[in-house]
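Chemist: Dropping a structure here in C-alpha cells format, bear with me for questions.
The values are calculated or read from the model by the stated rules, or taken from the named source; none is laboratory data. Because the structure is predicted, anything quoted here is derived from the model rather than measured. When we count neighbours, we look across all protein chains shown, and the Cβ atoms used for this are built from the backbone with ideal geometry, even at glycine. We work out accessible area using only protein heavy atoms, side chains counted, and drop any ligands, DNA or RNA first. Shrake-Rupley method; radii C 1.70, N 1.55, O 1.52, S 1.80 Å.
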Amino acid sequence: MWKVVVFLAVICLVWQYMLPQSYVLETWDSNVVKPAKQIYERATVHIFGNESKSGIPIGEPVRGRNNIMFVETSCLVKKANATRKVMSLRQTCSIESAARMNPDADVYLLHSCPIEFNPDEPVTQLLKYTNIKFWSFSLHTLMSGTPLQAWDYNAALGGSQWPLEHSSDVVRFVLLWKYGGIYMDLDFVVIKSMDSLEENFVCIETEKSLGSSVIKMDSENTGHKLATICVEQLAKDFRGDAWAHNGPQRITDCLQALCHTQKLSDVDPKECNVTIYNSSVFFPVAYWEWKMLFSESDSEKVAERIENSSGVHVWNKLSFNEKVYIGSIQP
C-alpha cells in the first residue's frame with residue numbers, strides 16, 4: 001500500500017518539472033470574464049468572481065458543506081498591474097491530491113487574482129475533477145459580514161515583514177469562520193481520504209505549538225466558536241514583526257482560550273470537543289528534516305513514517321527549488 005501512496009506523491013511532485021511554466025494572470029484591474037471556446041481547445045478563459053463560463057465550476061464555498069479550501073493571496077499583497085502565474089505546478093498537485101482522495105468533498109481553490117485557464121497549463125487539468133471549484137475573490141467580499149469587516153487590513157499588512165504569509169494567516173481564519181470545513185496550505189500532498197477525521201481538529205507541528213497549515217472547524221458549534229476567537233484575536237493582536245504569531249501561535253492561543261488553559265499540554269480534547277492529532281497525521285517529516293522528502297537514501301524511512309498519515313507537508317518555503325527526478329526512488 002505504501003508504494004502506491006509514495007508513487008502518487010512522486011507523480012505530483014514530478015509534474016512540476018514535466019509541464020510548461022508560463023501562466024500569466026490578467027492584471028488586477030480586470031474584472032471581465034472573456035468569452036472562450038471549449039476549454040480543451042486552444043482558448044484562454046479568465047474568471048473573476050462568481051461568473052461561470054465555458055462550464056468551469058465557479059463559486060464561493062457553501063457554509064456547512066464538506067469543504068476543503070486552498071487559498072492563494074498574492075493579489076491581496078501585490079499592487080495592481082502585477083502579473084504572475086495563476087498556480088505553481090506544486091500547488092496544482094496539492095489541489096489534485098485532495099480531490100482524488102476525497103471525491104465526496106467540495107475542494108476549492110480560492111484565488112485573490114483573476115484566474116486564467118489556458119489548455120497548455122497544468123491548472124487546466126484540474127477541470128477534469130467534478131469536485132473542484134474555483135473562486136476569484138475580492139477582499140471586500142470575503143471580509144463582509146465577518147468580525148474583521150471593519151478591520152484595517154491594508155494598514156496591518158502594510159506594516160508586515162512577511163505580508164504574503166500573514167495575509168494567508170488572516171484569510172484562512174476568515175474562511176473557517178465564514179464557511180467551515182478544512183483549510184490546507186498549498187504545499188500538502190493528501191495521500192488518503194480525510195472523511196474519517198474528526199469534525200474539529202488541529203495538528204501538532206512542534207512540541208510547543210500547533211500547526212496552522214491544516215485545520216478543520218465546523219460552521220456552527222465548537223469549531224465556529226474557535227474560529228470566532230481566532231478572528232477576534234487577530235483584530236486586536238495582529239503582529240507584522242513575528243513570523244508565526246498570526247498562524248501557529250494564533251491557533252495555539254485560541255485553543256487554549258477556548259479550553260480555558262494556560263498551556264497546550266493542559267488542553268483536554270474531549271472536554272473542548274477539538275481533536276489534537278499528533279504530528280504523524282500531517283507532519284510526518286518535520287520542517288528541519290525536509291530534505292528527506294527528496295533523498296533516495298531516505299525513501300524507505302519516509303515510507304514508514306507516512307504509512308498512517310493523511311497528508312504530507314512538503315515545506316515549500318524551504319524545498320521550492322528542490323527537484324524530483326523521473327525514474328528515481330525519491331519519496
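Chemist: If we scan region 170-179, do we find a residue that is in a loop (DSSP other than H, G, I, E, B) and open to solvent by less than 30 Å² (accessible area, probe 1.4 Å)?
Modeler: Checking region 170-179: at least one residue is in a loop (DSSP other than H, G, I, E, B) and open to solvent by less than 30 Å² (accessible area, probe 1.4 Å).
Chemist: Being crowded, with 23+ Cβ neighbours inside 10 Å and touching a strand residue (DSSP E or B) at 6+ places or on another chain (Cβ under 6 Å): is that true of residue 184 here?
Modeler: Against the criterion (crowded, with 23+ Cβ neighbours inside 10 Å and touching a strand residue (DSSP E or B) at 6+ places or on another chain (Cβ under 6 Å)), residue 184 qualifies.
Yes/no matrix, rows are residues, columns are (1) over 21 Å from the mean Cα position of the chain (by Cα); (2) of a type outside the set (Gly, Ala, Ser):
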position: 244; (1), (2): no, no
position: 255; (1), (2): no, yes
position: 268; (1), (2): yes, yes
position: 272; (1), (2): yes, yes
position: 277; (1), (2): no, yes
position: 290; (1), (2): no, yes
position: 306; (1), (2): no, yes
position: 311; (1), (2): no, no
position: 329; (1), (2): yes, yes
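Chemist: Would you pick out the residues in region 248-302 that are closer than 24 Å to residue 185 by Cα and not in a helix (DSSP H, G or I)?
Modeler: 273, 274, 275, 276, 277, 278, 282, 283, 284, 285, 286, 295
Chemist: For region 303-320, which positions are open to solvent by less than 20 Å² (accessible area, probe 1.4 Å) and part of a helix (DSSP H, G or I)?
Modeler: 303, 319
Chemist: Answer with yes or no whether residue 323 is open to solvent by 60 Å² or more (accessible area, probe 1.4 Å) and in a loop (DSSP other than H, G, I, E, B).
Modeler: yes
Chemist: Of everything in region 46-68 that's within 16 Å of residue 113 (Cα to Cα) and modelled with pLDDT of 75 or more, which residue is most open to solvent (accessible area, probe 1.4 Å)?
Modeler: Ranking the candidates gives 60 first.
Chemist: Give region 240-272 a look and list any residue that's of a type in the set (S, T, N, Q) and more than 28 Å from residue 97 (Cα to Cα), or say none.
Modeler: Hits for region 240-272 are 256, 261, 262, 265.
Chemist: Which residue, of 309, 299, is over 30 Å from residue 166 (Cβ atoms) and touching a Pro at 6+ places or on another chain (Cβ under 6 Å)?
Modeler: 299
Chemist: Considering only region 100-119, state which residues are more than 13 Å from residue 184 (Cβ to Cβ) and either touching a helix residue (DSSP H, G or I) at 6+ places or on another chain (Cβ under 9 Å) or without any contact (Cβ under 8 Å) to a residue 24 or more places away in the chain (or both).
Modeler: 100, 111, 112, 113, 114, 115, 116, 117, 118 - these are the residues of region 100-119 that are more than 13 Å from residue 184 (Cβ to Cβ) and either touching a helix residue (DSSP H, G or I) at 6+ places or on another chain (Cβ under 9 Å) or without any contact (Cβ under 8 Å) to a residue 24 or more places away in the chain (or both).
Chemist: I've got another one for you. Residue 283 passes all but one of (1) farther than 17 Å from residue 208 by Cα; (2) open to solvent by less than 20 Å² (accessible area, probe 1.4 Å); (3) aromatic (Phe, Trp, Tyr); which number fails?
Modeler: Answer for residue 283: the failing condition is (1).
Chemist: Looking at this structure, is residue 87 at pLDDT 95 or above and of a type in the set (A, V, I, L, M)?
Modeler: So residue 87 fails the test.
Chemist: In region 219-232, what count of residues is obtained for those that are buried (at least 18 other Cβ atoms within 10 Å of the Cβ) and among the polar types (S, T, N, Q)?
Modeler: Final tally of qualifying residues: 2.
Chemist: So which residues in region 187-209 are in a loop (DSSP other than H, G, I, E, B) and either of a type in the set (D, E, K, R) or buried (at least 21 other Cβ atoms within 10 Å of the Cβ) (or both), if there are any at all?
Modeler: Hits for region 187-209 are 187, 191, 192, 194, 195, 198, 199, 200, 205, 207, 208.
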